[in-house]
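Following: one structure in structure tokens, then a few remarks.
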Amino acid sequence: MSRVYNFSAGPGVLPEPVLEQARQEMLDAGGAGMSVMEMSHRSKAYDKIIADAEAGAREFLAIPSDYRVLFLQGGASLQFTMLAMNFLHEGQTADYITTGSWGQKAVEAGKIEGDAREVWTGKPSKFSHAPDLASVELTLGKAYAHFTLNETIQGVDYMADPPAGHDWICDMSSTIGSRKMDYSRYAMIYAGAQKNIGPAGLTLVILRPDLLDRVPAGLPPMLDYKLQAENDSRYNTPPCYSIYMAGLVFRHWLGLGGMDYVEAANEEKAAILYGAIDGSEGFYKGHAAKENRSRMNVPFVLPSDELTDAFLAEAKGHGFMELKGHRSVGGCRASIYNAMPKSGVEALASFMKEFAGKNS
Ligand SMILES: *Cc1c(COP(=O)(O)O)cnc(C)c1O
């Protein structure tokens, strides 16, 4: 067996010890005599698995104890619609701050449900930076203000929590669990699991409990946060295996030292990769403004399409996979989520240096 370095933006790399543990428990999970995939979601054995996953999330992420944690489906994309259905009512406005492709999709979906307004967009500057949220003029139309903490495609991250005092709703899909965050600053956050938490199929939602009082009657049951919360994420069959895997991932990081460990490791890895870009005398160019550089997704371009193609082909030969940039922006992108080992980033950085030396 040989594992590659997987720089995919999502689904992304998972910690190898977690995959090993999942393999060990594949046929008999915790003495149940069956796989987690075969278990009733209402069994005693599964009660423990979902409770462990929630406890792990709470401890690893430092979620305020009164906040609710929900395990839903439909990805972050369904949240774009669901949050507006639940929290943007007749006569209200919601503010959207757009720093990239996902934020654009969020506001478009919001507009279908109600008066969603884009109050700031980074489009004129090609989505290369994020604003200071304290200085964005909000309409404060009673609903919420939405933003995307890290734009996965453009690699633009605010690198700060929003100011207190507003009901911020935030898409954290690609940066959740990568550094310390103050969840009490947010009314709600959501994240598709497949970037930094576990396998696809699971969407993590963390919300302040009073938000549930704003959910109107008569929503489609599956799209009703209140109903989902009242049923502890088991109104219907939840994504059982993905929740189990997320629980293993949280335990894995906690075992290594928790968020302190993860944050320091991510800072170090990002510095190595941006160092390779900045040290290339312009051969590689990053996309985001320095203060908004994502530690998770690092897009960069080479001097020409020919060199980009050659770079990607040679990289593949070295076992560096999924480095092609998103089709909407081109170039390259290295996603270096929590589970990407430092050795992978170091190897990529030295390959980049060598490639630039040969081709400039
Ligand atoms: C990947 C991603 C999405 C879309 O997630 P799905 O789970 O595929 O719906 C939305 N927002 C951000 C920031 C993402 O990185």
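Listing for the model above:
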| read-out | value |
| --- | --- |
| Dipole of segment 26-135 [Lys/Arg +1, Asp/Glu -1 at C-beta], most positive-end residue of Ala45, Ala116, Met85 | Ala116 |
| Alpha carbon centroid spacing (whole Å) that separates segment 217-277 from segment 321-353 | 22 |
| Gained length - Thr81 relative to Ser135, 0.36 nm times residue gap less alpha-carbon distance | 16.8 nm |
| Cβ-placed point charges (K, R +1; D, E -1), dipole of the chain about Cα centre in debye, nearest 20 | 400 |
| Stokes-Einstein D in µm²/s, Kirkwood radius over Cα pairs - the chain at 20 °C with 1.002 mPa s viscosity | 101 |
| Volume in Å³ per residue [convex hull over Cα atoms, computed for segment 1-151] | 178 |
| Within the accessible area of the chain (1.4 Å probe), percent carbon and sulfur | 51 |
| Range of Cα positions in segment 1-81 per principal axis (Å), largest first | 42, 37, 25 |
| Antiparallel bridges, percent of DSSP beta bridges restricted to the chain (to nearest 5) | 55 |
| Accessible area per residue, Å², the chain with all protein chains present, probe 1.4 Å | 43 |
| Cα-Cα pairs of segment 67-128 separated by more than 17 Å (percent) | 44 |
| Segment 69-119 and segment 1-47: distance between their alpha carbon centers, rounded to Å | 32 |
| Virtual spin-label span in nm between Ala200 and Arg3, 7 Å along Cα→Cβ | 2.0 |
| Rg over Rh [alpha-carbon atoms, Kirkwood Rh] for segment 64-174 | 0.94 |
| Tensor-based shape of segment 199-271 (alpha-carbon gyration tensor, a/c under 1.5 rounded, otherwise prolate or oblate) | prolate |
| Inter-probe distance in nm under a simple model that places probes 7 Å from Cα toward Cβ, at Asp66 and Ser184 | 1.0 |
| Zero-based 5 Å bins, Cα pair distances in segment 163-243, whole percents | 3, 13, 21, 23, 21, 13, 5, 0 |
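The values are calculated or read from the model by the stated rules, or taken from the named source; none is laboratory data. All values reported here derive from a predicted model rather than from experimental measurement. Counting neighbours? That spans all protein chains shown, and the Cβs are built from the backbone with ideal geometry, glycine included. Accessible surface areas use protein heavy atoms only, side chains included; no ligands, DNA or RNA. Shrake-Rupley method; radii C 1.70, N 1.55, O 1.52, S 1.80 Å.
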